[in-house]
Structures are given as structure tokens and as C-alpha cells.
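Worksheet: the structure to be examined is printed underneath.
Each reported figure results from applying straightforward, stated rules to the coordinates on display, with no laboratory input. On a predicted model such as this, the values are computed, not experimentally measured, just so you know. In this analysis, Cβ positions are derived from the backbone assuming ideal geometry, glycine residues included, and neighbour counts consider all displayed protein chains.
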Amino acid sequence: TDLDAFIDGLPKAELHLHIEGSLEPELMFALAQRNGVSIPFDSVEAVRAAYDFSNLQDFLDIYYAGANVLLTRQDFEDLAFAYFQRAAADNVRHAEIFFDPQTHTDRGVPFGVVVEGLIAGMDRAKAELGVTSGLILSFLRHLSEDEAFATLERAKPYLHHFIGVGLDSSEVGHPPSKFVRVFAAAREVGLKLCAHAGEEGPPAYVHEALDLLRIDRMDHGNRSMEDESLIARLAAEQMTLTVCPLSNLKLCVVKDLRDHPVPEMLRRGFHVTLNSDDPAYFGGYVNENYRQLAKAVGLTREQVVQIARNSFEGSFLSEVDKAARI
Ligand code: ADE
Ligand code: ZN
């Protein structure tokens with residue numbers, strides 16, 4: 001449609017992308033072969049068929065298993081560059097990408113191998129595709145705060161490579177309050193703070209992310225819509241929400257895209273962005289998220305433009321860089 005073509009052509013930033021979630025089955029097979037790692041599937045089709053999730057944990061189990069094929073610096077570079085090629089094709093000009101260091105260090109892959117590989121892919125993306133990017137170190141919330149602190153310590157020699165920290169993995173049972181000290185320590189060393197909040201977890205977790213973690217940006221935030229005081233607060237503070245429609249559909253956070261909260265978020269004056277989360281698992285990169293949501297809920301061109309502007313405004317680029325790119 002006309003709106004689809006309009007969406008495709010709009011320059012945008014992507015602010016919620018887990019690089020491990022961009023591992024396409026074809027690359028998973030290629031890396032398994034290259035590294036002599038066995039995977040529990042005998043074809044790319046069998047992998048895709050397994051991507052049928054009833055909730056976040058169903059997905060996480062298979063997503064962490066998929067990451068087992070990633071071993072070398074080159075693997076992480078290839079993974080990152082493959083994402084940036086997809087992003088560039090969608091007119092993404094800037095991406096702030098999460099990675100989960102603990103998923104790799106807990107398998108014996110050195111922290112530096114992961115970071116140096118990802119940075120090599122990001123440098124190549126800037127040189128060859130003109131896409132700029134930043135790296136966000138995400139703590140796994142199903143692990144302890146002590147383990148998050150150990151991860152932050154490992155990150156210290158590489159701190160100049162990071163723009164921020166995040167908080168992801170299994171939300172329910174692992175509230176933001178568990179990570180207050182490590183988020184304060186990350187702020188202390190100059191990192192921006194993000195957290196997944198209100199994806200499956202209750203509004204109380206969103207309040208905690210704001211009050212206790214003092215986040216700069218909120219990932220998902222869907223369940224904020226259940227709490228009038230949160231709605232008022234997020235609108236007043238113009239908190240950027242990194243919303244992920246196809247993820248929400250695949251993980252059954254929404255039953256149908258037509259029920260997605262974005263139209264209500266926009267009516268309430270939220271600073272909304274649209275993102276792909278784990279595109280290899282959820283069936284679409286950023287433009288597909290814009291297109292399918294726009295079609296399902298009837299977004300206007302003006303709304304689509306606003307969301308794309310928000311993606312640059314809500315980025316961690318400097319104010320000067322933002323002004324140059326909006
Ligand atoms: N890790 C990767 N994608 C995630 C998501 N949508 N929620 C929580 N943790 C994740
Ligand atoms: Zn996410």
C-alpha cells in the first residue's frame with residue numbers, strides 16, 4: 001500500500017533490538033557447522049516451525065539455546081553485520097542494540113570476544129552501510145544482582161564501547177528492586193539506564209523501574225496502561241517507550257494486533273517508538289513492525305512520522321546529533 005511504501009522510505013532509529021534475537025536460522029546452521037556445534041534441529045524449516053510461543057519463557061528457552069552456536073569473535077561480527085544489513089534495507093540509520101553478555105560468559109566465551117566481535121560488526125556497518133550504532137549491556141534478571149555486578153566489573157575495560165545498561169529475560173518474579181544497587185553503580189560510571197518493564201510484569205514493576213532504577217528509557221511498558229497514575233506519569237515525563245508489536249503478538253502479550261495498546265498510548269501523549277525486539281524469532285524487522293501495526297490499528301501518516309521522529313529523539317545520541325538527524 002501507499003502507507004507501506006511511505007513507512008519503508010522513512011529514516012528511523014531502532015532502540016530495542018537484542019542482537020542474539022537477530023540470529024536467523026540460516027546463520028544458526030552455518031555457525032553450527034563452522035564451529036562443530038550440534039543443534040537439535042535438522043533443517044531451517046524445523047527451526048522456524050519451533051518458533052511457536054505461548055509466553056516469554058517459551059521464547060527465552062529457545063533463544064538461549066540458539067545462542068550456543070556463537071563462539072568466536074568472527075561469529076559475533078557476522079551476527080551484528082547481518083542485522084545491520086537488514087536494518088539498512090529498512091532505512092534504519094541508527095540502532096542501539098542490546099546484548100546479553102551472561103548468556104555467553106556463562107558458556108565460557110570470554111567477555112572481550114563478544115564485545116570485540118560486536119564492535120567490529122558495528123564499525124563495518126558504519127563504514128559500509130552508513131548506519132551508526134551504540135551497544136547496551138543487558139543484565140539477565142533471572143540471575144542474581146551479584147552476577148550482574150560481576151558482569152559490570154568485566155565490562156570496565158570496555159566501558160567506552162557502551163552507551164548504557166539494560167535489564168531483560170524472565171520478568172515475573174524478578175522485579176526491578178532486585179537490581180537497584182547495580183543500576184546505581186552503572187549510572188555512577190556514566191551509563192544510560194534501560195529496563196524491560198510491564199511486558200509480562202505488573203504495573204508495580206513499572207513504578208519500580210522509574211522510582212528505584214531511575215531509568216532513562218523503558219522497554220515495552222505495555223502493562224502501564226492498567227494504571228492511571230502510571231499513564232499520567234509516563235506522559236508527563238515524556239518517557240520514551242520502546243514498543244515491539246510483533247514481539248507482543250508472538251509472545252501473547254496481546255491476543256491480536258488489533259488490540260495493541262499503541263493507539264491508546266498515542267492518545268494519552270506517550271513518547272512511543274516501534275522496534276523489532278528479536279526479529280529472527282518474531283517474524284519481522286522494524287518496517288514489518290510499523291506496517292503490520294499500522295494496518296491492524298489504522299495508524300495515520302502523521303502518527304507514523306511522529307513515531308519515527310520519536311525514535312531519534314528517544315535515542316542516546318547527543319542533542320546536537322539528534323538535531324542533525326531529525
Ligand atoms: N530477551 C530477548 N528478548 C526479550 C524480551 N522481549 N523480553 C525479555 N527478555 C528478552
Ligand atoms: Zn526485548
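Rounded to the nearest Hz, the phi-derived 3J(HN,Hα) couplings of region 184-191 under the Karplus curve 6.51 cos²θ - 1.76 cosθ + 1.60 (θ = phi - 60°) are 4, 5, 5, 4, 4, 8, x, 8, where x marks glycine and proline.
DSSP beta bridges fully contained in the chain are about 0 percent antiparallel. Working note: Debye formula, equal point scatterers on the alpha-carbon atoms of region 2-325, no solvent; log10 I(q)/I(0) at q = 0.08, 0.09, 0.13 Å⁻¹ is -0.32, -0.42, -0.93. With all pairs of different C-alpha atoms in the average, the Kirkwood value for the hydrodynamic radius of region 205-315 is 14.1 Å. Distance between the pseudo-spin-label points of residue 147 and residue 89 (7 Å out from Cα toward the beta carbon): 3.5 nm.
If R₀ is 22 angstrom, what is the calculated FRET efficiency for the pair residue 235 and residue 204, using the beta carbon separation as r and rounding to 0.05? Efficiency at R0 = 22 Å is approximately 0.70. Its residue count N fixes a reference of 2.2 N^0.38 Å for region 27-92, and the Cα radius of gyration divided by that reference is 1.23. The label-point distance for residue 211 and residue 32, in a model that sets each label 7 Å from Cα toward Cβ, rounds to 4.7 nm. Positive contributions from Lys and Arg (+1) and negative ones from Asp and Glu (-1), summed over other residues with Cβ under 10 Å from the Cβ of residue 58, come out at -1.
Only Cα pairs under 8 Å and 6+ residues apart enter the sum, and on that basis the relative contact order of the chain stands at 20 percent.
Summing charges over all other residues whose Cβ lies under 11 Å from the Cβ of residue 14, with Lys and Arg as +1 and Asp and Glu as -1, gives 0.
With helices as the sole contributors, the chain gives -13500 deg cm²/dmol at 222 nm; each DSSP H run of n ≥ 4 counts as -39500 (n - 2.57), and the sum is divided by every residue. Translational diffusion of region 252-311, estimated by Stokes-Einstein from the Kirkwood radius over alpha carbon pairs at 25 °C in a medium of 0.890 mPa s, is 206 µm² per second.
Our Cα-only numbers for region 5-122 put the radius of gyration and Dmax at 14.8, 45 Å.
How much net charge surrounds residue 313 when only the other residues with a Cβ under 12 Å from the Cβ of residue 313 are counted, with Lys and Arg +1 and Asp and Glu -1? Value of the local net charge: +3.
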